[in-house]
Amino acid sequence: MSARPVGEVFQLKVPPDELRSELIPSFDQVLDSWEKGVLQTRYADPAYVLEVTYFTEPLRVFVERVARYLASPGVFGEALEHGFGFGKTHSLIVLWHLFTSDLYAKVQPRLAFDDRLSRETLVVGLDFSQKKPLARVVSLLKSYASPNHPVARVKDLKLVHAVAQTLDRRESALAQIGANDLAVLLREVLERYRDLGGTPKLLVLIDELGFGIAERVRRFGEAASSGDARAAEEAFAEANSIVNFLSYLYSELSKTHCSAVVVWVFAEQDRRQIEALLRKYHNLSGFAAKVEGLVNDLDVISQRYGRGAGGVRVLELSYSPEHALEITLHRVFRTVGDRDAAANALFSHLASAARQLNIGEVYEKYRDWLRKYYPLSLGMVNLLKKVMNRFDAPRTEYVRTMIQVASMAAEEALRRDASSAYAVGVKHLSLSLASQAELMGEFVGEWVQAVSDLEIAVSELEGASRECASAAAKYILAKGVTANVSALLGLGDRKEVERYGSSLDEVQLEILQSFLTERGFALLDKLSDAIEELKMRSSRIEERELDGKRFYLPSLYRTVYSALAAYVHDEKKKLQSVSDIPVYIGQSVVQNLFRNVRVSVDGREVSVALMGLSSVRDPGSLAADRAFRDVQREGRLLLVLVPPWDATLFNELAVKGRSYDDLVSELAERLQKALGDGLVEKPLHLVVMVPDVSKPRLAGILDRLATLQGTIAFIDYISRMREEIYNRIVSEYESVLVKRQEVMSEELKRRHEASLKNKALRDIDDAMHFAQRQLLRVSREVVAGILSLYTKGVYFSLDDNRFVGFQVSSDRDKDVEKVQGGDLNELTSRYASIVNGYLADVVSRLGYKTKPFEVSRVVLQVLERDARSGQLPDSVREEDFLSNMLLGTYGVKPIDKGVAREALRMLNGQRIDLEDKFVDITLDVGAAAVRFTVKPKVEEEVVEEVEEAAGIQLVKPVEAAPALEVGGVEDVVLELPPSFNVEELSQQFVALLNELGGSLKLARFNLDAGAFSLVFELRDVDAGRLKEVETKTVLNLLSRFSASARKGVAVEMKLGKRVSGSKVKEIFGDYFRVVRGIERFLP
């Protein structure tokens, strides 16, 4: 089974907006709905609460401990004190439904819960943020007393009667009941229940105790500061009433010896708010004493309630990140497919991809995580775990924040990306949400600015590069943004780097989860470059190394890369004026690629000239050019390059928007006209290449060129101004932290001060190394881009017999990718060599011949055709013959006059064998002419016993010939293929004889067919011997035998004098074989 897109397996349980509204439940609305029988909130429905509640281990333990203490005599109580969003109110609502409905029966066996406990427990609740909160308890008791209320069906009737009878006795005192009277009332209900034969138990749930007190303290301060003493006393009295109620209740319950549990909510933020109010109104007389006394009184009462558990906090609702993730998965996702099967398929795919990418170690490290929390990606799990830690995210609301973040990512993934991702990842969040910068407490401002810088950097990229950079930035932010100052400074240990730093392998794994296979692998090819771009453009990503592995961390401050970004920005500003672009290119490193261009094809030099478009398109200017006149006169190939900074070319293509193809066609027509006007004598030896500098082709190259120029300037800046940069970096570090010193311990301050200098120096070195890497990477891109502009050129086609446009092709871009590090001068030299090779490829693919024998062979074929048709003259002037070769008359294009002249020498002594005659070709040096002598064929006796006449004998194969010797070769080995071409071999031997200037001392042909071997020796070989019928007969026989035996024929030659090995190689081509060792052929 293949991996399935996330949308085929999961759906949203509820829309995020609806879920968001449900994440802040109102306990008061639940109580009011229960009391009135009108559903004001879905949390008033026990079935819904059961549906949305995931009973994690902490929640299960919390509920079961409440139940256990209710089953034991004594008074127990405790505050839930975690921060906002930790599920405190939700937990109270769960308890409420468990003890006021039949929900307890539906949660088994998940919870060990005795139904008798639910029936016998009187549960009441209040929300202290409401007006007259104590009155809510009375109204709830009245609902208990009503025989028509649903609670009567789940509670012990004795308890219901006890409540009703107690209320009847105190009816007149219930309207304005106070804290003490309410406590007494609850005690009386429990005692009456015992009198009726029940086992009294009481559960009191108080939500928003801290918030209610804090708001009343605020009213107290405001009224007191405005001089309204009465309003101030009323506000304080209200705050004090709940504290008194808890105190009175403990006292009253202690008299009954029944079971009672009291749970109240006092959030961390509520306590901080009261402390802030104390500072705000510290000048008010008596304010601080009263408020501090109130808080201290509550703390003492809390300790008293804790005596029942031996002073140990037993009702603490503590969620680990793992538990919170389980809750999040339960609240956000609805499974619509086979989750386990989909997970198995996905992780099989990831395992295979990890092996392919060599990231198996990271995959194995996180595999169990990812399987447990599927469909969340690695980045999402990191982010959600982080928001559960108040040291990383001081303003977090814990589980609530986690659910909100996950739901927003899930909405994007399941509604807009359902078929394009395997998991819900940080890809599906904005950069801001991926960072959760707003939760960073004292560092919100710095992180918001850092995220903004990264957003700008990503927006500057295009296409797949932007998509890849966005994915990488989101992962780095999700894992690394934190309020942990020591980690930001790099003052912590390696665990902190691994905790907040993102390795390249991790980002790759995130992308594999966030994109389907084909798209994911395409983005991975760009990942390293994308991160480098982010570092440079944003100055908000720093790099640290542990055991040879790089980790990327978001930076709270601008790194030294900000100077690099500034230099690149300055370079790009120079490109804003379109008219300045040609000058910019011409003054950049691009000009170095075209300086001293030297093109050589098989050792044959090709002349190269840079000419402007105006000169190329004007026949008169072209003909007047000295370089053009010289090569035309000397019969050499001229490669004309129009440089990419030519202003006329730029104006035509980039400004006017003229078609590149149209321009190439115009140049071909103009050169053809110049040929017709006699301005071009040797059209075969003129090639013009024109770059396509149209806007679409040039845009990306200009961006990379500006980056390259900025990088060069940055490297120079660091080299010259190292000390100044060092002082500025230290100053910036300190400016970020000095105003935040209160969040650091004294020890951390000392460590910080001791480490800043080393870190500053390390950052400078890292920036230099980064810039050098970028120099290499971007220069590769620029060079490849410049070469890619030369897509077409103009040359003279023999097939069309006119100048035409041609398509340029070369594989040299692969050589660009292989260029390794060095300084700018070294890189320029290597790139210039590649440009030379690129141009050599162009020439080679246009069919120019550099090997004289190849030219002579084609010419000989044409001469044979002319001889057969009777059109071969008796002689031709040598210069005319050479001129015809250079004009392509014989259908072959020698690259220059030198190749043509050597080919002519190889024709000397060649024989054209016709049916009734021979035509011998002779180069008459004295007359400077090529002569064609016709000789009639003479009837010769056919040798029947060929083997005997030719001296064929059965012998053992001889040893291989030696390798090329320094200064030339005298012994040569050829390896002829089965069924070799005898006529072609004869032509090659004649060419060798011309090179020797005399006879060949020995040629031994050896065919080893396994069962037999044939050896044929020729001694003192000259052109006449090669033309003899016996020689050709035996060679034909060897060719046929080698074909039937499927064996090659070894030829060993002793030249009699030393000849250039390259010449021999040139004549015999692939037949020529270099053999190691020094031996003589003959004894």
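Bear in mind these aren't lab numbers, they're just calculated from the coordinates by the rules spelled out. Only a predicted model underlies this, so the values are computations on that prediction, with no experimental measurement involved. Don't worry about glycine lacking a Cβ; one is built from the backbone with ideal geometry, like all the others, and counts go over all protein chains shown.
Computed quantities for the displayed model
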{"item": "Long-range amide H partners of residue 122 with built H, under 5 Å", "result": "201, 202, 203"}
{"item": "Count of lysine pairs in segment 848-936 with Cα separation under 15 Å (8 or more residues apart, or interchain)", "result": "5"}
{"item": "Peptides 181-194, 344-357 ordered by average Cβ neighbours within 10 Å, highest first", "result": "181-194, 344-357"}
{"item": "For segment 1-119, size of Cβ-based charge dipole, Lys and Arg +1, Asp and Glu -1, in debye", "result": "300"}
{"item": "Segment 57-309: radius of gyration over Cα atoms, expressed as a fraction of 2.2 N^0.38 Å", "result": "1.04"}
{"item": "Label-point gap, in nm, between residue 592 and residue 624 - each point 7 angstrom along Cα→Cβ", "result": "3.5"}
{"item": "Cα gyration tensor of segment 793-947 - equivalent ellipsoid semi-axes, whole Å, descending", "result": "44, 19, 15"}
{"item": "Cubic angstrom per residue, convex hull over Cα atoms of segment 321-556", "result": "112"}
{"item": "Members of 88/142; 656/682; 106/132; 1001/1065; 88/372 lying beyond 23 Å, as alpha-carbon distances in this model show", "result": "88/142; 656/682; 106/132; 88/372"}
{"item": "Net length gained if the chain between residue 231 and residue 916 were fully extended (0.36 nm per residue, minus Cα distance)", "result": "232.9 nm"}
{"item": "Rg [Å, one decimal], Dmax [Å, integer] - segment 1-129, C-alpha atoms", "result": "16.8, 59"}
{"item": "Dipole of the chain, positive end: most advanced residue of 214, 133, 903 [Cβ charges, Cα centre]", "result": "133"}
{"item": "Radius of gyration, Dmax [segment 848-936; alpha carbons; angstrom]", "result": "12.2, 37"}
{"item": "Alpha-carbon spread of the chain, three principal axes, descending order, Å", "result": "152, 69, 52"}
{"item": "Hz values of 3J(HN,Hα) by residue in segment 588-601 - Karplus curve (6.51, -1.76, 1.60), Gly and Pro given as x", "result": "8, 5, 4, 4, 5, 5, 10, 8, 6, 5, 10, 10, 10, 10"}
{"item": "Under the Karplus curve 6.51 cos²θ - 1.76 cosθ + 1.60, θ = phi - 60°, whole-Hz ³J(HN,Hα) for segment 865-870, x wherever Gly or Pro sits", "result": "4, 5, 5, 5, 8, x"}
{"item": "222 nm mean residue ellipticity, helices alone, for the chain (DSSP H n ≥ 4; -39,500 (n - 2.57); rounded to 500)", "result": "-17500 deg cm²/dmol"}
{"item": "Rg and Dmax [Cα atoms of segment 40-84; Å; Rg one decimal, Dmax integer]", "result": "13.5, 36"}
{"item": "From phi via Karplus (6.51, -1.76, 1.60), per-residue ³J(HN,Hα) for segment 1016-1033 in Hz, x at Gly/Pro", "result": "10, 10, 10, 10, 6, 7, 10, 5, x, 4, 5, 7, 5, 5, 4, 4, 5, 5"}
{"item": "Cα centre as origin, Lys/Arg/Asp/Glu Cβ charges: segment 57-309 dipole, Debye", "result": "440"}
{"item": "Amide H partners (placed H, <5 Å) of residue 610, local residues excluded", "result": "641"}
{"item": "Rg/Rg_globular for segment 87-189, with Rg_globular taken as 2.2 N^0.38 Å and Rg from C-alpha atoms", "result": "1.13"}
{"item": "Virtual spin-label span in nm between residue 1020 and residue 116, 7 Å along Cα→Cβ", "result": "13.3"}
{"item": "Cα pair distances exceeding 17 angstrom across segment 1-70, given as percent", "result": "64"}
{"item": "Volume of the Cα convex hull of segment 637-707, divided per residue and given in Å³", "result": "97"}
{"item": "Three-way shape call for segment 575-681 based on the alpha-carbon gyration tensor, with the a/c threshold at 1.5", "result": "oblate"}
